[in-house]
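This report refers to the structure that appears directly beneath it.
The values are calculated or read from the model by the stated rules, or taken from the named source; none is laboratory data. This is a predicted model, so every value here is computed, not measured. Cβ placement follows ideal geometry from the backbone for every residue including glycine, while neighbour counts extend to all protein chains displayed. These area figures cover heavy atoms from the full protein model, side chains too; ligands, DNA and RNA do not enter into them. Shrake-Rupley method; radii C 1.70, N 1.55, O 1.52, S 1.80 Å.
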Amino acid sequence: MTDFLAFLRGNPYPGRGIAVGKDRVYYFIMGRSENSRNRIFERTEDGIRTRAFDESRVTDPSLIIYHPVRRTPRGLIVTNGDQTDTIRDVGDFRKALMTRTYEPDEPNYTPRISALCYPDGSFELSILKRSGGRCLREFFCYEGCEEGRGRFLSTYQGDGNPLPSFAGEPLDIDLPEPEEVWRALNAENKVALYACVNGTVTLFNKLLGD
């Protein structure tokens with residue numbers, strides 16, 4: 001099992017990350033460019049959305065403004081892009097993501113990471129990433145997790161140029177408290193964190209002074 005806080009402290013730029021456990025779900029975003037850092041999480045009726053903190057500084061909203069979290073009758077959807085809406089609209093996690101691919105942000109080709117957390121505690125994770133010039137779609141299905149443990153998937157393995165895509169099975173991690181996760185994220189690159197613990201949602205936004 002990976003010490004999640006130590007992992008985050010030692011990794012200045014995992015990009016976007018999803019952690020799912022028995023009683024909690026975390027989603028965080030990080031940024032290196034001004035466009036990516038100019039964001040906050042904002043609550044919506046069914047989850048959250050990203051919003052530009054300063055509208056005058058937005059240069060390209062296409063890949064940074066979306067609904068990362070939506071609660072549906074099938075379960076909680078968490079993603080790093082507009083595939084959240086694709087999963088909701090199609091109604092089937094795998095079928096929906098078979099219609100999508102990685103992001104077109106050359107040279108990084110940022111992977112699309114997604115989770116669907118079912119009411120019975122089981123969940124699915126997916127990553128769509130570029131491999132050999134084509135899209136590699138990986139799916140991981142879990143019956144659930146033990147108390148205090150979870151699975152973690154991020155867009156990148158770490159910092160670099162181009163950024164190296166996450167590789168392998170989602171990490172088996174311990175799941176600390178939301179405040180600890182927020183503090184462990186790189187202070188320069190972190191942007192926002194969504195935490196849902198036993199149904200209670202907490203948002204952390206760097207630009208709002210959290």
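Just so you know, the Rg over Rh for the range 127-186 is 1.03, from Cα atoms, with Rh as the Kirkwood radius. Structural descriptor for the range 15-62: relative contact order 24 percent, calculated from alpha carbon pairs under 8 angstrom and at least 6 residues apart. Taking only the Cα atoms of the range 1-82, the ratio Rg/Rh comes out at 1.00, with Rh defined as the Kirkwood radius. Note on the chain: with a GNM built from Cα contacts shorter than 10 Å, the maximum mean-square fluctuation among 16, 74, 137 falls on 74.
Taking only the Cα atoms of the chain, the radius of gyration and Dmax are 15.6, 46 Å.
A crude spin-label estimate for the pair residue 186 and residue 32, with each label 7 Å from Cα along the Cβ direction, gives 0.8 nm.
Based on Cα contacts under 8 Å between residues 6+ apart, the chain shows a relative contact order of 29 percent.
Put simply, the Cα atoms of the range 106-210 extend 41, 36, 18 Å along their principal axes, the longest span coming first. How much accessible area per residue does the chain have, in Å², with a 1.4 Å probe? Roughly 45 Å² per residue, with all protein chains present. Quick one: work out Rg over Rh on the C-alpha atoms of the range 47-162, Rh as Kirkwood radius. Computed over Cα atoms, the ratio is 0.98. Computed from backbone phi with θ = phi - 60° and the Karplus coefficients 6.51, -1.76 and 1.60, the 3J(HN,Hα) list for the range 51-59 is 9, 5, 6, 10, 4, 5, 9, 6, 9 Hz; x is used for glycine and proline.
With all protein chains in place and a 1.4 Å probe, the accessible surface of the chain carries 46 percent carbon and sulfur.
Only the Cβ atoms of Lys and Arg (+1) and of Asp and Glu (-1) were treated as charged; on that basis the dipole of the range 83-210 about its Cα centre amounts to roughly 580 debye. Just going by the charge dipole of the range 52-170, with Lys and Arg at +1 and Asp and Glu at -1 on Cβ, which of 113, 58, 91 is farthest out on the positive end? Looking along the dipole axis, the top candidate is 91.
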